[in-house]
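J.: Here it is, the structure in full.
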Amino acid sequence: MRQTYATRQATGSWKSLINQIIDVQGRSVADIGCGGGIYAKALLDMGAANITCVDSSEVMLEDAQSKLKAQSNVNYVQGDAAHTILADKQCDVVLERALIHHIPREELAACFAEALRILRPGGTLIIQDRTPEDCLLAGSQTNIRGYFFARYPKLAKQEVERRHDNATVMSALHQAGFRVVQKRQLWETRQIHTNFAALERDLKARTGRSILHELSEAELSDLNEYIRRQLDSDYQAIVEQDRWTIWSAMR
């Protein structure tokens, strides 16, 4: 997991959508579930005054610290989403990207209440994750993930079980005390593959860090062949994207 996203960067479309929600210029931000620091770096590049990176994993915090070592305006805190140990009303913006699918439904409101606590009045919580609806979109030249579930419905069942739908997230946000909540959707580029062979190599390397680890070696080979047939081109570049739902909630 440590180097999974080491070379990834936040896309221009992601930055543009965040700017539609709030101008982070000069703001204090907490990135909860910061992982390797990719999005913390993006927010600093967008003008955030300072970032507090929070993660329950010491390893992830070390990776974030390595990525952001040139930045002097970053703090690192080991804590979880419901217990960040940050001060009351410390932040203007809280980001929780690809975090809430790790949190049980019954604990979502506590997670959001913690974000509310550390936000200043008028502050904004930004949540990014995939809903079951996002995950089950049909496969296409860009939505490669859709082919996983078309070929192996057992993967779709597992994926849906770990995702929260929009109604659940909205309800938990209101329960936590947020009153102004908006929902947007974003197609975010995961990776650009020069051809099918490059995509195939990448998919085979995902078995330790994605839902594909549920497949046997034979099933993974079968999946690659199935995707090859759907795309009907071995040589065309493939822009692999994921659709995300982004909720913004104001204190």
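J.: Within segment 187-199, identify whether any single residue is of a type in the set (G, A, S) and either farther than 24 Å from Q9 by Cβ or in contact with a Ser or Thr (Cβ under 8 Å, 6 or more places away or on another chain) (or both), and answer yes or no.
T.: No, the conditions are met nowhere in segment 187-199.
Okay, residues lined up against (1) closer than 16 Å to I100 by Cα; (2) in a loop (DSSP other than H, G, I, E, B); (3) free of Cβ contacts under 8 Å to residues at least 40 places away in the same chain:
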{"residue": "V169", "(1), (2), (3)": "yes, no, no"}
{"residue": "A172", "(1), (2), (3)": "yes, no, no"}
{"residue": "I192", "(1), (2), (3)": "no, no, no"}
{"residue": "A205", "(1), (2), (3)": "no, no, yes"}
{"residue": "E219", "(1), (2), (3)": "no, no, no"}
{"residue": "Q230", "(1), (2), (3)": "no, no, no"}
{"residue": "S233", "(1), (2), (3)": "no, yes, yes"}
{"residue": "E240", "(1), (2), (3)": "no, no, no"}
{"residue": "W244", "(1), (2), (3)": "yes, no, no"}
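J.: Continuing with the same structure: Pick out the one residue from N143, N195 that is out of contact with any helix residue (DSSP H, G or I) (no Cβ under 8 Å at 6 or more places or on another chain), polar (S, T, N, Q) and surrounded by 15 or more Cβ atoms within 10 Å (Cβ to Cβ).
T.: Answer to the selection: N143.
J.: Since A30 meets every condition but one in (1) at pLDDT 95 or above; (2) within 30 Å of L203 (Cβ to Cβ); (3) buried (at least 16 other Cβ atoms within 10 Å of the Cβ), which condition does it not meet?
T.: So the condition that A30 fails would be (2).
J.: Looking only at residues in segment 110-139 that are closer than 30 Å to E240 by Cα and of a type in the set (D, E), which one is surrounded by the fewest Cβ atoms within 10 Å (Cβ to Cβ)?
T.: E133
J.: Select from segment 84-102 the residues that are surrounded by fewer than 16 Cβ atoms within 10 Å (Cβ to Cβ), more than 18 Å from L61 (Cα to Cα) and in contact with a strand residue (DSSP E or B) (Cβ under 7 Å, 6 or more places away or on another chain) and list them in ascending order.
T.: K89, H101
J.: I would also like to ask the following. I need the strands (runs of 3 or more DSSP E) fully contained in segment 1-117, keeping only those with at least 1 residues that are touching a Phe, Trp or Tyr at 6+ places or on another chain (Cβ under 8 Å).
T.: 28-32, 50-55, 91-97
J.: Of everything in segment 157-173, what is more than 15 Å from R243 (Cα to Cα) and either open to solvent by less than 20 Å² (accessible area, probe 1.4 Å) or aromatic (F, W, Y) (or both)? Give them in sequence order.
T.: If the condition is that a residue be more than 15 Å from R243 (Cα to Cα) and either open to solvent by less than 20 Å² (accessible area, probe 1.4 Å) or aromatic (F, W, Y) (or both), then T168, V169, A172, L173 are the ones that fit.
The values are calculated or read from the model by the stated rules, or taken from the named source; none is laboratory data. All of these numbers come straight from a predicted model, not from anything done at the bench. Virtual Cβ from ideal backbone geometry, glycine too; neighbours counted across all protein chains shown. Protein only, heavy atoms only, side chains kept; ligands, DNA and RNA dropped before computing areas. Shrake-Rupley method; radii C 1.70, N 1.55, O 1.52, S 1.80 Å.
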